[in-house]
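Engineer: For reference, the structure I am asking about is given below.
Computed from the coordinates by the stated procedures, all read-outs in this text should not be read as laboratory data. The shown structure was predicted, so the numbers you read here are calculated from the model rather than taken from an experiment. No Cβ is skipped: glycine too gets one built from the backbone with ideal geometry, and neighbour counts run over all protein chains shown.
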């Protein structure tokens, strides 16, 4: 692929990589990005998603996030930054919360994946989902699936009892709308039910 | 992203045998997948080592702690032996990344993570000696706020971002590596390389080699240890300056000390100068400040990162005070 210097794709990549940085000195023409001598590679994997085992053919480059959203049509898990910096893509793999944007689907052959779509039981919201509704713990809702998945997994982790401990444990989920106080309240209400 | 072929290994032998031209091992993937998306890393083949049986934390008969290379960062944070005997390691790991990333990241991968330098991470910038040897360094005259004040060269001033590695330097860790030439052990202090004229070579790990374990020797200073991390946000961000310290105290006399710095150097930075300044003296705020001055004496500021020199001193003093009061 031949990119002409500064285009939308390279701008978006630069913004993601540079964070708060700089003006645009020293930009050279990006080198051609596809080396034609390595062919695309696909593999067959089995994923157990929300209790249902599925056989999929995936490109080795497909992240778990893109596989869930694009190939399986499960758009509940969100793509916020695609680089592990926001937590919107949080899912559970074998019970642990991870960023699905930073792992390839081919690495998870045989694994159990839980997404936001898998929390409700026969139409009944999970306790954490219900708490988020009751405590108004979201505004635009984009970070919310990741927040709920993160908070649900947190209940199984050795996290301390103070508010600061909880904030720290949830620090991998960013909310641009600032719903943090209500997210904290929602999680605390579920936690106190558990103990 | 470049296409790549993918295989999975279930043993060290398999992992080494599966390597081909332009192969990389993939464990947690938190560095590698990130950089592959940016076309900074372009492997033609990945060997998935997640199934390797290197995921235990064991206390050995001589009292040292052996950590498998595949132990997840989160498991290392919460290990009872680590919290009790090597607390600085648990604190450093907990200060890093996020819970999700810690669940994915591994001991070996954490050591091998790569710099957050904006110019390295964006191939649109032509001048990066680490990514393209000989092309120059855009950070030297560019926006270098997050870059190094220690250990840099005219070729590269990129900071090493790991918290875990800084704590391991303060604990005299030993890295165990296995490859075609057999097994070898490298002191953590020698594991990461200064950029010098070859910033593209970051560690002593050679092509065809695999990190298998990290061991922490039993010591008199490890249990009295602390980590302080200073950054723009309170969480989920890399260090601007950090300090890992460990003290062997007899009353108020410092029998021995270990001091390491993060966020300010091109590799996890052990400060022998500061350790010497403290050894044999009394634990006091004054002594700690003198040690901090010694630690940063050779620091060289760039245009935008001069604040790191004072910040690093403050991190050291705070960490020393915390450790002394344990």
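Engineer: Treating the Cα atoms of region B:5-48 as identical point scatterers in vacuum, please give the log10 of the normalised Debye intensity I(q)/I(0) at q = 0.20, 0.21, 0.33 Å⁻¹, two decimals.
Structural biologist: Listed by q, the Debye log ratios stand at -0.59, -0.64, -1.19.
Engineer: What distance in nm separates the two pseudo spin-label positions at residue A:155 and residue B:201, each 7 Å out from Cα along the beta-carbon direction?
Structural biologist: Between residue A:155 and residue B:201, the label points sit 5.3 nm apart.
Engineer: Given the rule -39500 (n - 2.57) for each run of at least 4 DSSP H residues, summed and divided by the residues of chain B, what is its mean residue ellipticity at 222 nm, to the nearest 500 deg cm²/dmol?
Structural biologist: -7500 deg cm²/dmol
Engineer: Test of understanding: express the Cα radius of gyration of region A:139-195 as a ratio to 2.2 N^0.38 Å, with N the residue count. Provide the component values of the computation, followed by the final result.
Structural biologist: Details: Rg = 10.7 Å, N = 57, 2.2 N^0.38 = 10.2 Å.
With N residues counted in region A:139-195, Rg over 2.2 N^0.38 Å equals 1.04.
Engineer: Here is a follow-up. Please list log₁₀ I(q)/I(0) at q = 0.15, 0.17, 0.18, 0.19 Å⁻¹ for region B:183-319, using the Debye equation with identical point scatterers on the alpha-carbon positions.
Structural biologist: Relative scattering, expressed as log10 I(q)/I(0), comes to -0.83, -1.02, -1.11, -1.19.
Engineer: Given axes a ≥ b ≥ c from the Cα gyration tensor, I'd like to know whether chain B is rounded (a/c under 1.5), prolate (a/b larger than b/c) or oblate.
Structural biologist: It is oblate, given that a/c is not under 1.5 and a/b is not larger than b/c.
Engineer: Test of understanding: ordering A:163, B:13 by Cβ neighbours within 10 Å, fewest first, what list do you get?
Structural biologist: Ascending number of Cβ neighbours within 10 Å: B:13, A:163.
Engineer: Averaged over B:30-37, how many beta carbons belonging to a partner chain fall within 10 Å of each residue's beta carbon?
Structural biologist: 6
Engineer: Give me the three principal axis extents of region B:1-82 from the C-alpha atoms, as integers in angstrom, largest value leading.
Structural biologist: Ordered largest first, region B:1-82 gives principal extents of 45, 27, 16 Å.
Engineer: Can you sort B:174, B:204 by how many other beta carbons sit within 10 Å, fewest first?
Structural biologist: B:204, B:174
Engineer: Right, next: Computed FRET efficiency, Cβ-Cβ of residue A:134 and residue A:81, R0 30 Å: what is it to the nearest 0.05? Provide the component values of the computation, followed by the final result.
Structural biologist: Values: r = 29 Å, r/R0 = 0.96.
With R0 = 30 Å, the Cβ-Cβ based efficiency is 0.55.
Engineer: Taking the DSSP beta bridges in region B:1-74 as the whole, what percent of them are antiparallel, to the nearest 5? All intermediate terms of the calculation are to be shown ahead of the outcome.
Structural biologist: Numbers: 3 of 11 bridges.
About 25 percent, rounded to the nearest 5.
Engineer: Grab the beta carbon distance between residue A:42 and residue B:14, set R0 = 25 Å, and tell me the FRET efficiency rounded to 0.05. Provide the component values of the computation, followed by the final result.
Structural biologist: Working: r = 22 Å, r/R0 = 0.89.
Approximately 0.65, to the nearest 0.05.
Engineer: Nearest 5 percent is fine: what portion of the DSSP beta bridges confined to region A:42-118 is antiparallel?
Structural biologist: Around 90 percent of the beta bridges assigned by DSSP in region A:42-118 are antiparallel ones.
Engineer: In whole percent, what relative contact order does chain B give with Cα contacts below 8 Å and a gap of six or more residues?
Structural biologist: Reported relative contact order: 16 percent.
Engineer: Another one. According to the square roots a ≥ b ≥ c of the eigenvalues of the Cα gyration tensor, what is the shape class of region B:259-326, taking rounded for a/c under 1.5, prolate for a/b larger than b/c otherwise, and oblate for the remainder?
Structural biologist: prolate
Engineer: Would you kindly give the portion of the calculated P(r) for the protein assembly as shown that falls above 30 Å, as a percent of all Cα pairs?
Structural biologist: The share of Cα pairs beyond 30 Å in the protein assembly as shown comes to 50 percent.
Engineer: Right, here's the next one. With a 10 Å radius around each residue's Cβ, average the other Cβ atoms per peptide and rank B:50-58, B:313-321, highest first.
Structural biologist: B:313-321, B:50-58
Engineer: Applying 1/(1 + (r/R0)^6) with R0 = 22 Å to the Cβ-Cβ distance of residue B:253 and residue B:289, what FRET efficiency is obtained, to the nearest 0.05?
Structural biologist: 0.75
Engineer: Follow-up question, since we're still on this one. As a test, work out the antiparallel percent of DSSP beta bridges whose residues both lie in chain B, rounded to the nearest 5.
Structural biologist: 80
Engineer: Using a 10 Å cut-off around each Cβ of peptide A:82-91, what is the average number of partner chain Cβ atoms that fall inside? Each step should come with its number before you reach the end.
Structural biologist: Details: counts 3, 7, 12, 6, 2, 5, 0, 1, 3, 1.
That average works out to 4.
Engineer: Test of understanding: what is the full-extension gain from residue B:141 to residue B:84, defined as 0.36 nm times their sequence separation minus their Cα-Cα distance?
Structural biologist: My answer for the length gained is 16.0 nm.
Engineer: Can you give the Kirkwood hydrodynamic radius of region A:69-148 from its Cα pairs, in Å with one decimal?
Structural biologist: Every distinct Cα pair counted, the radius reaches 13.4 Å.
Engineer: Could you put B:89, B:278, B:249 in order, starting from the residue whose Cβ has the fewest other Cβ atoms within 10 Å?
Structural biologist: Final ranking by Cβ density, sparse to dense: B:249, B:278, B:89.
Engineer: Using a/c under 1.5 as the rounded threshold, could you call region B:23-133 rounded, prolate or oblate? The axes a ≥ b ≥ c are square roots of the C-alpha gyration tensor eigenvalues, and prolate needs a/b larger than b/c, oblate otherwise.
Structural biologist: Prolate.
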